[in-house]
1. Quick one: how many residues across the stretch B:154-184 are within 19 Å of B:Gln90 (Cβ to Cβ), aliphatic (A, V, I, L, M) and within 14 Å of chain A (Cβ to nearest Cβ)?
2. Which of the residues belonging to the stretch B:197-215 are in contact (Cβ under 8 Å) with a residue 24 or more places away in the chain and polar (S, T, N, Q)?
3. Enumerate the helices (runs of 4 or more DSSP H) found wholly within the stretch A:5-108, keeping only those where 2 or more residues are more than 14 Å from chain B (Cβ to nearest Cβ) and closer than 24 Å to B:Leu33 by Cβ.
4. Could you check A:Tyr255 against (1) at pLDDT below 90; (2) exposed (fewer than 14 other Cβ atoms within 10 Å of the Cβ) and say which number it fails?
5. Taking into account only those residues within the stretch B:41-56 that are of a type outside the set (Gly, Ala, Ser) and surrounded by fewer than 20 Cβ atoms within 10 Å (Cβ to Cβ), which is nearest to the other protein chains (Cβ to nearest Cβ)?
6. Out of all the residues in the stretch B:226-262, which are surrounded by fewer than 17 Cβ atoms within 10 Å (Cβ to Cβ) and assigned to a loop (DSSP other than H, G, I, E, B)?
7. List the number of the failed condition for A:Leu209; all other conditions in (1) over 24 Å from B:Phe22 (Cβ atoms); (2) within 14 Å of chain B (Cβ to nearest Cβ); (3) of a type outside the set (D, E, K, R) hold.
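The values are calculated or read from the model by the stated rules, or taken from the named source; none is laboratory data. Remember, it's a predicted structure, so these values are computed and weren't measured experimentally. Here the Cβ is made from the backbone with ideal geometry for all residues, glycine too, and neighbour counts use every protein chain on show.
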Amino acid sequence: MVVTEELRALYGVAVKSWRIFLSYRLWMISDIMLGFFFVGQALLIGIGLTGQRNSPSLQRITGYSDYLTFAVLGFMVLGFGLTFLSGFVWSVVDELYAGTLEYSFASPMRRITFFLGNVLVRILLSFLYMAVYVPLFILIFGVHINPLGFLRGLPVLLIGTVGMIGLGMTAAGIVLYLKDPGPFINILEMLVFALSGAMYPVSILPKPLQLLANAMPYAPTSEAVRKVVAFGYSNALGEIGYLILISLVYSISGYLAYRWSERQARILGLKSY
Amino acid sequence: MAIIAVIEKEFRMFFRYPLRVFSSILVGIVFLLQFVFFGQAVLGGRYSQLLASSTGIGDYPTYALVGYVLWWLSVSPMEAYVWGIRRELQRGTFETNIAAPVRITELLLGIALSWLIMDSLLMTVVFAFGALIFHISITFSILLKSLPVLMLSFLAFLGFGFIFAGLVMMLKHIGPFAQIFEFSMLFFSGIFFPLGVMPGIVVEFSKILPLTHSVSAIRGIFIGKSYSEIAPSITWLILLVFVYWLIGYAIFRWAERVTRVMGYGGY
């Protein structure tokens, strides 16, 4: 009975979120174009600098000679991963600015249902974008994606997702306490963007940044997915093991951090504008 | 002067949130690093013979840094109109400001100018950071020589952005459209890659964008060209200043007439 009610609430939140998104349809076009912008830039930079589609230098560092396939896989992991971080934090911030957060939290549903309802729409969009990107990237840019290799990468992406959800929950807990959370989210998203290893291998970063990148779930996910897609599971056991560990740590710490912040919110009250 | 008051208001609102200033600088730096690091990973170094033969600058970090900073400044007035006016509409202060005994063009220009100055300050930090970590040597004479071209570019960017002032008043929420436009300018002006890799028709089209000439002129100064050598780019810039101010003003007047019928409204 409780489960059915929570599921109904989840559906309600998801529908509301979807309707809000649909009222600004141009954002969808803008989001999709962002992917083409990202991959198009990568291609033109590579051609403009080397005159070739393959980079021996990148192959030495990562095993990938086709820099475009390297960038596309990184972009997909980053796009999917940001879904959780952005979903968790923006679901709080948007309602905070609209002045409806207190009402949503007062409704008879669990907090996690509220967050997951918002994240669900973003996941759906993320898959929708991937369905648009993959065939068009292959068609327009000639990206080489082996369908079997691509499918092999999906379970690894799911392992990384657990850690990304944990990080998203921690961030949502912090956002509840900031008067002006916009800049905090920007900083966090930029850190994720820079340290995700989406466009370049993190090994070319300075040592402290490499450590920071490997301490977040994004770069280890990108590296594990790339390795599994290109070389199979048996050659990526180290990367997968590390990813499982870091995902476990983030999921536990995310849950604990959010529970703590929610308890605090019950004492101090939620801020509103 | 009303324009000074508008600039002061925008400055106070922006700098009273230090975290916001910091996040803006960080966004600027991260965006730059993404592309420079990618270029270096693909190249296996920082020097590209191919880039040198097509543009005159072989050092990729220098090439990208100059282009990127100018791109950011070129979209600043556009952002000011799109987000600055939208913010006033959301807060419900736009209508009262319009009703103040100040010309609307002065009010809007004040917003655009203040954003351009603020972005110039932020980009100075990003530029210094980029020059430091990528070991780009900059002399005082390069900076001094770039200043007049930069001022001319600012005039062109302000005129170009003015086109959006009228559109945002009329259509309210054009953020996604502006974003598409801003990213397109990265492609059409050869910010992170040489324009030569694009088809001829795109190269011709890029000439109607002030950013293309601004970037070309300042990159020229960075490799030691004289004013006479970059004269074609400067001539284009002067021409585009007039063209875009005229087009921008005409669109603005038309949009203002339409908006007066429909009402400025709010959110």
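1. 5
2. Matches in the stretch B:197-215: B:Thr212, B:Ser214.
3. Working: elements: A:25-50, A:56-62, A:67-98, A:101-106.
Because the criterion is at least 2 residues that are more than 14 Å from chain B (Cβ to nearest Cβ) and closer than 24 Å to B:Leu33 by Cβ, the helices (runs of 4 or more DSSP H) in the stretch A:5-108 that meet it are A:67-98.
4. (2)
5. Of the stretch B:41-56, the ones of a type outside the set (Gly, Ala, Ser) are B:42-43, B:46-47, B:49-51, B:55.
Applying the additional criterion that residues be surrounded by fewer than 20 Cβ atoms within 10 Å (Cβ to Cβ) yields B:46-47, B:49-50.
Working: B:Arg46: 10, B:Tyr47: 10, B:Gln49: 9, B:Leu50: 5 Å.
My answer is B:Leu50.
6. Correct list: B:Ser226, B:Tyr227, B:Ser228, B:Glu229.
7. Here A:Leu209 clears every test but (1).
Listed here are the residues, each with its yes/no results for (1) at pLDDT 85 or above; (2) within 30 Å of B:Asp59 (Cα to Cα); (3) surrounded by 15 or more Cβ atoms within 10 Å (Cβ to Cβ); (4) of a type outside the set (D, E, K, R).
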position: A:Gly63; (1), (2), (3), (4): yes, yes, no, yes
position: A:Phe70; (1), (2), (3), (4): yes, yes, yes, yes
position: A:Val92; (1), (2), (3), (4): no, no, yes, yes
position: A:Ala98; (1), (2), (3), (4): no, no, no, yes
